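Contents: one structure, followed by commentary.
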Amino acid sequence: MTKTLKGIAASDGVAVASAYLLVEPDLSFSKTSISDVDAELARYKKAIKESTEEVKKIRDTAKKSLGKDEAQVFEAHLMILSDPEFTGAIEKEIKDQKINSEAALDETSQKFIKIFEGMTDNTYMQQRAADVRDVSKRIMAHLLGKQLPNPASIDHEVIVVAHDLTPSDTAQLSKKYVKGFVTDVGGRTAHSAIMARSLEIPAVVGTESITKSVKNGQTLIVDGLNGDAVVDPSDSQVTDYKQKGSDFLKQKAERKKLKNEPSVTADGKKFTIAANIGTPNDMKGVHDNGAEAIGLYRTEFLYMDSSDFPTEDQQFEAYKKVIEGMNGKQVIIRTMDIGGDKHLDYWDLPKEMNPFLGVRAIRLSLKNQKIFRTQLRALLRASAYGNLGIMFPMIGTLKELREAKSILFDEKDKLVKKGVKVGKDLQIGMMIEVPAAAVLADQFAKEVDFFSIGTNDLIQYTMAADRGNDNVSYLYQPANPSILRLIKHTIDSAHKNGIWCGMCGEAAGDNTMFPILLSMGLDEYSMSATSVLRIRSLMKKFNTKDLKELANKACYVSETAEENKELVDNLMKKLNK
Ligand code: PEP
Ligand code: MG
């Protein structure tokens, strides 16, 4: 039966395809004694055989859809499945203890995992623990007659349905076949949503119950423009939504004409519209959408996509590729923002009650200077190849900023002494995403070359509302006067001190926020590459003289975000007349 679920529109576009549930089955079991050892061994061997066949199939499809490197992990799984030390130990347990295969598998794999995890001086071996865990899960599923989701084996067009998607889950999805995704939880600024926008696939998050409302293979519509997910739609709904999707694509094509145009207002004032990227692979989107700079390169994805810390040279190559790819246009690279919802499998950090309020971003870098210094050296070396700005995330105090800068200068001095070339015009900036930094922007402005406002976090910390929690997503209010005052104070402080101010949070590409930011004189607008042309076409409509009053009204007269939306909507109506 048709059912429409309302969620949060996380990435533009409309798609219709069959649902693919990325939901783990319950793999709990009871330990029992067995009397027929041979029958139990046969059951166990059958599960190993089925698991091996399954992994081979996944490996072959993964090779085709994701590439050879991504398929490599399945070779490691096959090695474990055929390793007599591992499989033999389980058989021995079944024979000696006379226990069922599930219990023998669980006990043996726990032992292996512990041994691998204990190899603290060998990260490669430590990571094998994750492989043993994955393989055991697969064998267990076969023993229990359950099916594990296998995202890497997707070989037809689907809409992925999940309770939540971590950034690394999202990275594993094949761009060719995944036409959209719908989740139970999450907000517009969760990193999975940001990745969906960079992949240009429609997404709806925070539906609360999509995983319980749709079955594998059922037709599903994802409307990322309005935030709707339609399960088992009628034929006429399919036709209507397909039409909506093609209208959206037509409008997108129309905007493509602005690709090589400058970003100017109707009265000829020039601003910069930049793109946010996560990896050098996103550069195609940057060029296709005519972004004039890169306002944020989230380097943590380089760490997340790798199975160990990327080396200085690996980082240098990635940064250089992006810098050179921009041909002299500015590239702002942010030092790693690990923590919060971004963690690394190979970096066992202490568990924290509130990771978003814990040792995240610059706090983690300052505590782990060896890793931080490696990244800074790679950045400094890459700075010789173009126009680079290095930016620190989550700065809350002047002390943090000064410490980060002094480490950067120390590494720079060492490189220069060794005769290594470093860019002459390197700029140093900071993100304004902790309210304390926004309040003291007048003091911070004296110590950096630029600010970039990170509204995703600035809003979460100002409103005390977790950005990934849909129960409080109503508090994600970029146009709330409290947020606007912080933004205005930041921009004014930057200008009074002769530095430029940009914004790389999602609000920079928001239709309601844009005119308000323009009236505040924000210099640079950095957003998902797919939003660049929409904002450029919007910019052309405004005459800055008509916007003079807007900033003050929005900050000091309006009492709510809704009032500000109305203010902007009325302005737009007048413009479109
Ligand atoms: C932000 O917080 O607005 C920002 C751009 O950083 P991130 O989304 O990566 O936390
Ligand atoms: Mg942030």
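Note on Glu324 and Asp348: their simple-model spin labels are 3.9 nm apart, each label 7 Å out from Cα toward Cβ.
Count charges around Lys418 for me, please; just the other residues with Cβ under 12 Å from its Cβ, Lys/Arg as +1, Asp/Glu as -1. Walk me through the intermediate numbers first.
On the way: positive: Arg377, Arg381, Lys412, Lys414, Lys417, Lys421; negative: Glu411, Asp413.
Computed value for this residue: +4.
Given +1 at the Cβ of Lys and Arg, -1 at the Cβ of Asp and Glu and no other charges, the dipole of segment 17-74 around its Cα centre is 280 debye to the nearest 20. Kindly identify segment 259-575 as rounded, prolate or oblate by the Cα gyration tensor criterion: order the square roots of the eigenvalues as a ≥ b ≥ c, call it rounded if a/c is under 1.5, otherwise compare a/b with b/c, prolate if a/b is larger, else oblate. Prolate is the answer for segment 259-575, as a/c is 1.5 or above and a/b outweighs b/c.
Would you work out the charge dipole size for the chain about its Cα centre, treating the Cβ of every Lys and Arg as +1 and the Cβ of every Asp and Glu as -1, and quote it to the nearest 20 debye?
1820
Projecting the Cα atoms of Gly118, Ala129, Trp347 onto the dipole axis of the chain, where Lys and Arg carry +1 and Asp and Glu carry -1 at the beta carbon, places Trp347 farthest toward the positive end.
The simple Förster model, with R0 at 60 Å and r as the Cβ-Cβ distance, assigns Lys269 and Lys49 a FRET efficiency of 0.30.
Of all DSSP beta bridges in the chain, what percent run antiparallel (nearest 5)?
On the way: 19 of 60 bridges.
Here the share of antiparallel DSSP bridges comes out near 30 percent.
Listed cross-link partners Lys342/Lys405; Lys63/Lys146; Lys45/Lys95; Lys137/Lys212; Lys3/Lys215 are compared with a 19 Å cut-off, the Cα-Cα value being larger for Lys342/Lys405; Lys63/Lys146; Lys137/Lys212.
Would you kindly state how much longer the chain becomes between Lys257 and Gln147 on full extension, computed as 0.36 nm times their sequence separation minus their alpha carbon distance, in nm to one decimal? Walk me through the intermediate numbers first.
Values: separation 110, 0.36 × 110 = 39.60 nm, distance 4.74 nm.
So the chain would gain 34.9 nm between Lys257 and Gln147.
With a/c under 1.5 counting as rounded, go ahead and sort segment 37-143 into rounded, prolate or oblate using the C-alpha gyration tensor (a ≥ b ≥ c being the square roots of the eigenvalues; past the cut-off, prolate if a/b is larger than b/c, else oblate). Intermediate results must be reported in sequence, preceding the final value.
Values: a/c = 2.84, a/b = 1.30, b/c = 2.19.
It comes out oblate by the Cα gyration axes.
Per-residue Cβ neighbour counts within 10 Å put Ser236, Ser493, Ser82, Ser174 in the sequence Ser236, Ser82, Ser174, Ser493, beginning with the fewest.
Remark: segment 259-575 carries a charge dipole of roughly 980 debye about the Cα centre, counting +1 on each Lys and Arg Cβ and -1 on each Asp and Glu Cβ.
With a cut-off of at most 11 other beta carbons within 10 Å, and DSSP calling the residue loop, which trypsin sites (Lys or Arg not before Pro) in segment 391-443 qualify? Please list them.
Working: sites: Lys399, Arg402, Lys405, Lys412, Lys414, Lys417, Lys418, Lys421, Lys424; in loops: Lys418, Lys421, Lys424.
Here the trypsin sites (Lys or Arg not before Pro) that fit, given the DSSP loop and packing criteria, are Lys418, Lys424.
The alpha carbon centroids of segment 423-449 and segment 202-238 are separated by 43 Å. Highest average first, the peptides 248-256, 530-538, 142-150 ordered by how many other beta carbon atoms sit within 10 Å of their residues are 530-538, 142-150, 248-256.
In order along segment 228-234, the phi-based Karplus estimate (6.51 cos²θ - 1.76 cosθ + 1.60, θ = phi - 60°) of 3J(HN,Hα) comes to 10, 10, 10, 8, 6, x, 6 Hz; Gly and Pro are listed as x. Each Cα pair of the chain feeds into the Kirkwood radius, which the Stokes-Einstein equation turns, at 10 °C and 1.306 mPa s, into a diffusion coefficient of 62 µm²/s. Footprinting exposure proxy ranking of Ile221, Ile115, fewest other C-beta atoms within 10 angstrom first, gives Ile115, Ile221.
Just so you know, all these numbers are worked out from the coordinates, no wet-lab data involved. Every value quoted in this text rests on a predicted model; they were computed, and no experiment measured them. Glycine also receives a Cβ, built like all others from the backbone with ideal geometry; neighbour counts cover every protein chain displayed.
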